[in-house]
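Worksheet: one structure, shown below.
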2 protein chains.
Amino acid sequence: MQVLIGQLNPVVGDIRGNKERLMTLWQQCEEQGADLLVLPELYLTGYPPRDLLSREWFITVVEEAIDDLLAASRSYETAVLLGAPQSYNHEKGRGLYNSALLIYRGQILFTQHKSLLPIYDVFDEARYFAPATEVKTVEFKGQVLGISICEDAWNSRELWPRGLCYDFDPIGALARQGATVIINISASPYHLEKEKIRYEIIRGHARKHGIPFLYVNQVGANDELVFDGRSMLFDGQGQLVTMLPGFREQVQKVSLMTPGSPDLVLPDRLESVYEALCLGIRDYVSKCGFSSVILGLSGGIDSALVSALAAAALGADKVYGITMPSPYSSRGSVEDSRNLARNLGLHFMVHSIEDIYYSYLNSLKGDFREEELDISLENIQARIRGNILMAYSNKYGHLVLTTGNKSEMAVGYSTLYGDMSGGLSVLSDVPKTMVYQLAEFINRQEEIIPRAILQKPPSAELKPDQKDQDTLPPYPVLDQILYYYVELDMAPEDIIHRGFDPDMVWWIIRAVDRSEYKRRQAPPGLKITGKAFGMGRRMPIAARYNY
Amino acid sequence: MQVLIGQLNPVVGDIRGNKERLMTLWQQCEEQGADLLVLPELYLTGYPPRDLLSREWFITVVEEAIDDLLAASRSYETAVLLGAPQSYNHEKGRGLYNSALLIYRGQILFTQHKSLLPIYDVFDEARYFAPATEVKTVEFKGQVLGISICEDAWNSRELWPRGLCYDFDPIGALARQGATVIINISASPYHLEKEKIRYEIIRGHARKHGIPFLYVNQVGANDELVFDGRSMLFDGQGQLVTMLPGFREQVQKVSLMTPGSPDLVLPDRLESVYEALCLGIRDYVSKCGFSSVILGLSGGIDSALVSALAAAALGADKVYGITMPSPYSSRGSVEDSRNLARNLGLHFMVHSIEDIYYSYLNSLKGDFREEELDISLENIQARIRGNILMAYSNKYGHLVLTTGNKSEMAVGYSTLYGDMSGGLSVLSDVPKTMVYQLAEFINRQEEIIPRAILQKPPSAELKPDQKDQDTLPPYPVLDQILYYYVELDMAPEDIIHRGFDPDMVWWIIRAVDRSEYKRRQAPPGLKITGKAFGMGRRMPIAARYNY
């Protein structure tokens, strides 16, 4: 059987646009003589459609699109397997299934609903869907297809311990029913190491059941989530036949019964993070209807990295860097930013905030004693910069990118309505130590990010001679403790038992918990670790933490 | 059986503190000779504990608290029925139940897990909990208790159509097993009209099964949610025996077999909203560790209403009002604010933003053409005010309250990082038309909010002679359309068919959908309608809406 893998990037909510993309591709399939075109989970709505699914009329638009596809299918010999929400008589449950529809020659030949509905981390599927009540195979062109949807394949406790523990294995059930091939349509977001876990899980199914496994994953970024694609086909020995590239759309024809060859080497983890962040920027900007971005260049490494990522994602001519020196900015901050902008080819502006800063100072000094002014004035510099960026955003229609990293966001070392102002927080899930690694990755062939930026001690430059390390623990230690506390949810005592200074551990933990209110108002940030701040980590604010 | 209803206000996460409260109360119960003290759902953790439940060590703290309660129970004849998460061997599912524990004389006499786990609107319970596999009754001091938890009683399709449709009725099952009384421990948040629905649902169970029904609800506000309490006991004819007051802690002794009397009249809906907002302010401020608030007084009705609510919630001496005139402020805006502050007894300050505004103007005018400056400068005024408020917040440790109403938040008629800056958005679920009703409610006996504020046409005063109605549809129409679109999820065509101007409907709908990004960065807002912006309405940002 000749299959076309449609590793596409649908736009969330744009049912008609996604359908049109499919129609165009279908025509090409037919010309290539493919038997089946396979598209990702919930392809018609894009994933995740979130509470759009609660609107009955949204489901009506889905049903109209499916009617159009059914009408079109009469002209084609190629069948389509795609994901879409399906409504059912709402006598009990939620009234919707997350379904895979096999459309062929004017009819829905077969429907399989999703059995396992993820409801941890960023997933809310049980909010919208009821689980399938049964799984079945379907005969099609000489094969017995066992069709499954994303999480249906993720019931391996060994490989995926952080998921739920399900008591049903849809893949095993399909294999026992005599499937000659398993197909899984997915919308499985990327995070660090997940590509390896996913590869092992899918290969494990093919090996265990001795049948080929075709895995078709969504690509593209939607708000916080980046989908890496990497659709793949394993043969019945669990050897890889093909893997589509990560982080970009691709359509590839493959014969289901092709024998595979020994293991492939997955790309370097930093390269994956780099590509995830570029795709995250590109899609957020374009899907929000923007074409260009603006960001403040402080002369530090975070804004340098975001500039480089944005230039790679959008083209340097779509990136506007603005350096906004205050009386406390080092001389280097403007020069280093200028060099960075020149290296990358960004638009570059200098806009001093000195006069505005002094007008605040004059306006406030009557009411504030000098020592009270300190922290307020540090924040005010950050907020003036935020205001200037937003003014340029209003003027030119650039989306503002924020540059704070995960380590800062974790402990609240950032100014709400200041450097946190913007539409997308590019690095909010990238720890500071990885910021350096990514900068080195970008510089691996030539010096794109100036050495001076990489080598200077991190500083907010909001008061004379300020250094991050005056306030924060050294970043390598901070990041390790944050990994244990935020990503692994480890108890403070257990972290201390790993040999860290108790005072430092407690300082960090209290800072994390005290900063929930700031993160609640942060822009969406691109998830690249197992636990990002945002929709996957839902903490109370008005609370008292017991340790 | 003599029961003490403990309508308490636990602090989320403060397991030890909540336990201590319970210990104190227990002692009093014992002295009063009560058989049973009943506390709300998840009392030990407060509701909702959210992702704190994902931390294993958080559950350990719960278990330690329960051990302490068991030890204490040896000295008491009064039993305690309370809600707490219970872990179980994590072979499948999520490893936690949402449980009611009956503690008596050194042991957990009985445990009932929650059967129906809400996962719509603001609720995420299936994210954390597995459902009960069975319900059972328990004999205690001559009664057969049927114990249920919150949603277990909410499976009435007629009365609560927006919930899920469950195929199990825990209350019916308990009645069939011979329960002589049903007890429901709840953490049921308030919204408009919900007190009536809840009353009907609980009374309906008592009537249908012909047995008394004791309902014990949490009181207090936690982030976005306000819990109104209003615990109640119905007799076996469905007549009300007692209802505890709404929106405040109360402990009340009641005999389970007391006959009831005819219907009570529930309080006026505006009075409930008023009390909900006051409690929401009071608890957010205190549970976040603040004791005072600051807000900008524009001379308009929104900030006037928030001032009055804050003064009622915290005491006027804890409320700081600051009016920040710009060159476009009307003369009245300062005078009206001063009168308001005097009427309420607030601290009052005037801080002109004129000099800072002109410093921005000078700084930007080189780069901006005059017409480009317009919208930027409107926003800059709002942002300067936000900055000043945050500076005072830093100085004095006041929490900043924002004053935007639901109608503005819906269509994005607000400035991000400007008037949206603050810790709590008091009116973000109060439509503008209800803002007026609440102001009239506050003024029902004397003029607290000056007439001049009530009578002036709404204006942002960000440019000369600006009026809201130059940009927005008339508020009564806007609010009606928003009700259909946001609260009822009605299709645009169906709204137009109700007789509204199609252009106006489309303008509003597009404005709502386009403003998701602003609301994502808004502070938490107090939920008082059936569908509030925030955790109960989860919309994509990078999306294209098909209508």
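The values are calculated or read from the model by the stated rules, or taken from the named source; none is laboratory data. A quick note: this is a predicted structure, and the numbers were derived from the prediction, not measured. Cβ coordinates were reconstructed from backbone atoms using ideal geometry, including for glycine residues, and neighbour counts include every protein chain displayed.
Below, the figures for the structure above:
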quantity	calculated
Residues of the stretch A:350-377 that turn out to be at pLDDT below 85, more than 7 Å from chain B (Cβ to nearest Cβ) and under 19 Å from A:Q466 (Cβ atoms), as a count	5
Residue satisfying all of: in the stretch A:245-261; in contact (Cβ under 8 Å) with a residue 60 or more places away in the chain and not in a loop (DSSP other than H, G, I, E, B); farthest from A:N217 (Cα to Cα) among these	A:S255
Residue within the stretch B:486-507 that is part of a helix (DSSP H, G or I), free of Cβ contacts under 8 Å to residues at least 40 places away in the same chain and under 26 Å from the mean Cα position of the chain (by Cα) present	no
Residues of the stretch B:527-547 classified as more than 7 Å from every other protein chain (Cβ to nearest Cβ) and outside any loop (DSSP other than H, G, I, E, B), total	1
Residue match in the stretch B:509-516 (condition: outside any helix (DSSP H, G or I) and at pLDDT below 95)	no
Residue pairs meeting the criteria (Cβ under 6 Å; at least 6 apart or on separate chains; first at positive phi, in the stretch B:521-539; second assigned to a loop (DSSP other than H, G, I, E, B))	B:G534/B:E224
Breaking point among (1) farther than 29 Å from B:L233 by Cα; (2) crowded, with 24+ Cβ neighbours inside 10 Å; (3) more than 10 Å from chain A (Cβ to nearest Cβ), for B:D68	(2)
Lone unmet requirement of (1) surrounded by fewer than 24 Cβ atoms within 10 Å (Cβ to Cβ); (2) over 23 Å from the mean Cα position of the chain (by Cα); (3) closer than 23 Å to A:F123 by Cα for A:E193	(2)
A:L482 vs. criteria among the aliphatic types (A, V, I, L, M) and assigned to a helix (DSSP H, G or I)	yes
Residue within the stretch A:20-30 that is within 14 Å of chain B (Cβ to nearest Cβ) and farther than 30 Å from A:D235 by Cα present	yes
Residue within the stretch A:167-186 that is in contact (Cβ under 8 Å) with a residue 12 or more places away in the chain, within 14 Å of another protein chain (Cβ to nearest Cβ), buried (at least 18 other Cβ atoms within 10 Å of the Cβ) and more than 17 Å from the chain's Cα centre (by Cα) present	yes
A:Y120 in contact with a helix residue (DSSP H, G or I) (Cβ under 8 Å, 6 or more places away or on another chain), assigned to a loop (DSSP other than H, G, I, E, B), within 14 Å of chain B (Cβ to nearest Cβ) and surrounded by fewer than 22 Cβ atoms within 10 Å (Cβ to Cβ)	yes
Of all residues in the stretch A:189-212 being farther than 26 Å from B:M539 by Cβ, touching a Lys or Arg at 6+ places or on another chain (Cβ under 8 Å) and not in a helix (DSSP H, G or I), the one that is modelled with the lowest pLDDT	A:E193
Number of positions in the stretch B:32-65 that are more than 30 Å from A:R538 (Cβ to Cβ), acidic (D, E) and surrounded by 20 or more Cβ atoms within 10 Å (Cβ to Cβ)	0
Qualifying residue in the stretch A:81-97 (condition: crowded, with 16+ Cβ neighbours inside 10 Å, assigned to a loop (DSSP other than H, G, I, E, B) and not aliphatic (A, V, I, L, M))	yes
Residue check, A:S99 touching a residue at least 24 places away in the same chain (Cβ under 8 Å), away from chain B (no Cβ under 14 Å), of a type in the set (S, T, Y) and closer than 29 Å to B:D513 by Cβ	yes
The stretch B:132-165 - residue that is without any contact (Cβ under 8 Å) to a residue 24 or more places away in the chain and assigned to a loop (DSSP other than H, G, I, E, B) and, of those, surrounded by the most Cβ atoms within 10 Å (Cβ to Cβ)	B:R157
From B:P474, B:P457, residue being out of contact with any helix residue (DSSP H, G or I) (no Cβ under 6 Å at 6 or more places or on another chain), modelled with pLDDT of 85 or more and under 27 Å from B:E354 (Cβ atoms)	B:P457
Test result for B:E224, within 20 Å of B:L36 (Cβ to Cβ) and either within 18 Å of the chain's Cα centre (by Cα) or within 14 Å of another protein chain (Cβ to nearest Cβ) (or both)	no
Residue in the stretch B:48-58 that is more than 8 Å from every other protein chain (Cβ to nearest Cβ), at negative phi and of a type outside the set (A, V, I, L, M, F, W, C) present	no
Residues satisfying the stated conditions in the stretch A:410-468, i.e. aromatic (F, W, Y) and closer than 30 Å to B:L424 by Cα	A:Y413, A:Y417
Output for the stretch A:271-302, where each listed residue is of a type in the set (G, A, S) and either closer than 28 Å to A:L462 by Cβ or away from chain B (no Cβ under 12 Å) (or both)	A:S272, A:A276, A:S291, A:S292, A:G296, A:S298, A:G299, A:G300
Subset of the stretch B:491-526 (residues that are among the acidic types (D, E) and within 11 Å of chain A (Cβ to nearest Cβ))	B:E493, B:D494, B:D513, B:E516
Residue ID - farthest from the other protein chains (Cβ to nearest Cβ), chosen from residues in the stretch A:397-413 that are part of a loop (DSSP other than H, G, I, E, B) and crowded, with 24+ Cβ neighbours inside 10 Å	A:N405
Some residue of the stretch A:331-341 being at pLDDT 95 or above and either closer than 17 Å to B:Y360 by Cα or within 14 Å of another protein chain (Cβ to nearest Cβ) (or both)	no
